[in-house]
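The values are calculated or read from the model by the stated rules, or taken from the named source; none is laboratory data. Fair warning: this is a prediction, and the values are worked out from it, not measured in the lab. Please note: Cβ atoms are built from the backbone with ideal geometry, for glycine as well, and neighbour counts cover all protein chains shown. Please note that ligands, DNA and RNA were not included when accessible areas were found on the heavy atoms of the full protein model with its side chains. Shrake-Rupley method; radii C 1.70, N 1.55, O 1.52, S 1.80 Å.
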Amino acid sequence: MGHTRNAEFDISVRGFGRFIGAIDWPPAGDSRCDFFRRGRPPVRRSGPHQATSRLFHGKPPTPHHTSGIAIHALAARLSGLRPSLGPVRLIAVDGHAGSGKSTFAGRLAEALGGAPVLHLDDIASHAQLFAWTGRLMSEVITPLARGETAYVTPYDWRARAFGAPRPLPAAPVVLIEGVGAGRRALRPHLAGLLWMELPEEESWARGRLRDGAEQREFWDGWVAAERAHFTTDPSRPHADLLVLQRQEGYEVLPGPRATSGTGPDVTLGDGPSAMW
């Protein structure tokens, strides 16, 4: 149903100061995409981790610390990839719990014109924090590969029960976000894998602070489970792009797969990146 990720996945950075955060996106390819306005959209988050922070704080970016691409440029490149799952370009956003995956995926979905987002919090459960591959394959991967709408039965983390099915259309681009989105079993079906570049301890501290004392016991168990998962099935080494959250927005850099020479050609232009 899937195949090796696109060899033509080349993200070109044209200039500095291209940080994410926009409303009223121009169409992909429009020259006006070189400029954008800042915005603060609402964050949709299901499951046990309720995101409450906003994307941007402080002053607009200044030239001495700008190095990245605007999200509309990324969205345009993703839209131009070859389909990886039937008619779908399946894009994974992975990273440690608390690293900002849902917020970033929501903003990227906006830039893609309202692309569907599958939150893995809806697939996982207390009983199966990471052992949900079979369910994902049957509910999501198989129907999308046929060009059909998938139906996901989301898990309610407080009621500890699965809810009524929700449709996930076989759109040109579908985002899948959550810890383990880039797992070994899913990579053959992905058009691209993005990794939120934030250390595990910092990510988990953010998550604990966000969820409060009510989720303390859950987090203790989660940390151990996440460590075990990434020990046996790491995602970051296979990432096409690394996404770093900055005060002004996001910075996108070539991932380990690209820089190793085995993945997509990721080119940074118009001067060196501040990260190099």
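Quick one: in region 75-84, of everything that is in a loop (DSSP other than H, G, I, E, B), out of contact with any Gly (no Cβ under 6 Å at 6 or more places or on another chain) and under 11 Å from Gly192 (Cα atoms), which residue is least open to solvent (accessible area, probe 1.4 Å)?
Only one residue tops the list, namely Leu81.
Going by what's in this entry, would His72 be described as open to solvent by less than 40 Å² (accessible area, probe 1.4 Å) and touching a Cys at 6+ places or on another chain (Cβ under 9 Å)?
On the way: open to solvent by less than 40 Å² (accessible area, probe 1.4 Å): yes; touching a Cys at 6+ places or on another chain (Cβ under 9 Å): yes.
Judged against the criteria, His72 is a match.
Out of (1) farther than 25 Å from Pro237 by Cα; (2) open to solvent by 40 Å² or more (accessible area, probe 1.4 Å), what's the single condition that is false for Leu144?
(2)
Quick check on region 190-202. Is at least one of its residues touching a helix residue (DSSP H, G or I) at 6+ places or on another chain (Cβ under 7 Å) and either free of Cβ contacts under 8 Å to residues at least 24 places away in the same chain or surrounded by fewer than 23 Cβ atoms within 10 Å (Cβ to Cβ) (or both)?
Scanning region 190-202 turns up no residue that is touching a helix residue (DSSP H, G or I) at 6+ places or on another chain (Cβ under 7 Å) and either free of Cβ contacts under 8 Å to residues at least 24 places away in the same chain or surrounded by fewer than 23 Cβ atoms within 10 Å (Cβ to Cβ) (or both).
Which residues, counting only those in region 226-267, are under 16 Å from Lys101 (Cβ atoms), among the hydroxyl-bearing types (Ser, Thr, Tyr) and modelled with pLDDT of 95 or more?
Selection gives Ser235 alone.
Given (1) among the aliphatic types (A, V, I, L, M); (2) in a strand (DSSP E or B); (3) open to solvent by 10 Å² or more (accessible area, probe 1.4 Å), where does Leu129 come up short, assuming only one miss?
Looking at each condition in turn, Leu129 falls short on (2).
In region 85-112, what count of residues is obtained for those that are in a loop (DSSP other than H, G, I, E, B), in contact with a Lys or Arg (Cβ under 9 Å, 6 or more places away or on another chain) and within 22 Å of His189 (Cβ to Cβ)?
The qualifying residues number 2.
This table checks each residue for (1) within 17 Å of the chain's Cα centre (by Cα); (2) more than 23 Å from Arg257 (Cβ to Cβ); (3) assigned to a strand (DSSP E or B).
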position	(1), (2), (3)
Glu148	no, yes, no
Tyr151	no, yes, yes
Ile176	yes, no, yes
Leu198	yes, no, no
